[in-house]
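The values are calculated or read from the model by the stated rules, or taken from the named source; none is laboratory data. Please read these numbers as outputs of a predicted model, since none were measured by experiment. Positions of Cβ are generated from backbone atoms using ideal geometry, with glycine treated the same way; all protein chains shown enter the neighbour counts. Remember, those area values only see protein heavy atoms, side chains included, never the ligands or the DNA or RNA. Shrake-Rupley method; radii C 1.70, N 1.55, O 1.52, S 1.80 Å.
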Amino acid sequence: MEETMAYLAVFVINPIYAAFFLLIELTFNAGMNPFVFSFYRQAVATVFLAPIAFFIKRKTTPRLSFLILIKIFVLTLGITICVDLSAVGVKYTSASLGAAVNNTLPALTFFLALLLRMEKVNIKSSYGIMKIAGVSLSMGGVATMALYKGPLFKLLQHHNSLANHFHHHLQSQTHSTKTWIKGVCFMLLSQISWALWLVLQGAVLKSYPSKLRLTTLQFFFSTIQSFVVAVAFARDFDQWKLKWNLPLVSVLYAGIVVNGISYYLQAWVIEKKGPVFLAMTTPLSLVITIIVSVFILGEAISLGSVLGAVLLVGGLYFVLWGKTKEEQRAKAEMQPNKDADIECKESEETQIAS
């Protein structure tokens, strides 16, 4: 039953992210400032999670010292940078590209862990070569998306109001090559920031193991940090106004569904099936985003984006395959030692009994 629920969870998580990328693209095309959006997104997530973390779980959480608070605040910079740069990147490019670059996270996390000597790689082994090849393919995919557009493909002609509304905004938001490259760079930097946050979070979790309260505190600190950034880049008060329209829907969706519900589902899937299983399913959000963009919104897709996405997904699976094989080999090498220890212990018990 749990295995079925895990598969069901990942088929919920990926459409959540696909809808998120599409919503924020439409929201930014409608004129909302991406930095203001990031602030509201983090604020909504904080308000949503705070009652759960600080009231329902207050008896089971460890004490919080000032030093740990400082560590959490510094760690939170990774989230803030990621959220802000990712939002600007989508504004400068497209939802499909945002979903595609999201697949570089496992490769970048492995690469950063390698640089920080938290991960080792044996270049003489097949799994070591596969992990290095995966990182190279992922970076090649990003470079392809940034530097090569190629011909545009528009598979269907649309006449519905949603597609017309989307194209109306696209005409006023035509991306030059320079803007496109800048957007890809912002997205890549956002993923590097997220990967660094993942690598460093382990140390903070050892000091403060309460995942729910730690997550809530990070959203709270990210709200403060995002506010400072938004004030610096959005001085016009009109850019901060929220009405009953698409930007408000996007903010609520990002804060509650993406930051709240999907984060919980991901933690549950990792606990039940492991991080590799979750990472293997991330290309689903890219596929869903492309399908909706092309067949519902009528967005044209470039050959460079398709080739880059293929390289990114290929790199993702190379890294995950290498990591899985490495873990399997490590377990196999440990098993004889365990068997020997068991036999030795049984022999000692037999001698004592006799």
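Which one of Ile68, Ile81 is open to solvent by 70 Å² or more (accessible area, probe 1.4 Å) and out of contact with any Asp or Glu (no Cβ under 7 Å at 6 or more places or on another chain)?
Ile81
Does region 216-226 contain at least one residue that is open to solvent by 30 Å² or more (accessible area, probe 1.4 Å), assigned to a helix (DSSP H, G or I) and at pLDDT 85 or above?
Yes, that holds for at least one residue.
When only residues in region 227-244 that are in a loop (DSSP other than H, G, I, E, B) and either acidic (Asp, Glu) or touching a residue at least 12 places away in the same chain (Cβ under 8 Å) (or both) count, which is farthest from Phe55 (Cα to Cα)? Lay out the reasoning, then the answer.
First, pick out the residues of region 227-244 that are in a loop (DSSP other than H, G, I, E, B): 234-236, 241-244.
Now drop any that are not either acidic (Asp, Glu) or touching a residue at least 12 places away in the same chain (Cβ under 8 Å) (or both), which leaves 234, 236, 242.
Working: Ala234: 35, Asp236: 37, Leu242: 29 Å.
For region 227-244, the residue satisfying everything is Asp236.
Since Ala50 meets every condition but one in (1) over 19 Å from Ile192 (Cα atoms); (2) modelled with pLDDT of 90 or more, which condition does it not meet?
Going through the list (1) over 19 Å from Ile192 (Cα atoms); (2) modelled with pLDDT of 90 or more, Ala50 breaks only (2).
Which residue out of Ile132, Ile123 is open to solvent by 80 Å² or more (accessible area, probe 1.4 Å) and over 24 Å from Ile181 (Cα atoms)?
Every option except Ile123 fails the conditions.
Please verify whether region 162-183 includes one or more residues that are surrounded by 15 or more Cβ atoms within 10 Å (Cβ to Cβ), at pLDDT 80 or above and in contact with a Gly (Cβ under 8 Å, 6 or more places away or on another chain).
yes
Being in contact (Cβ under 8 Å) with a residue 60 or more places away in the chain, aliphatic (A, V, I, L, M) and at negative phi is the requirement here; does Ile224 meet it?
No, not satisfied.
For the condition farther than 19 Å from Leu265 by Cβ and in contact (Cβ under 8 Å) with a residue 24 or more places away in the chain, what is the one hit in Phe66, Phe55, Phe11, Phe35?
From the options Phe66, Phe55, Phe11, Phe35, the qualifying one is Phe35.
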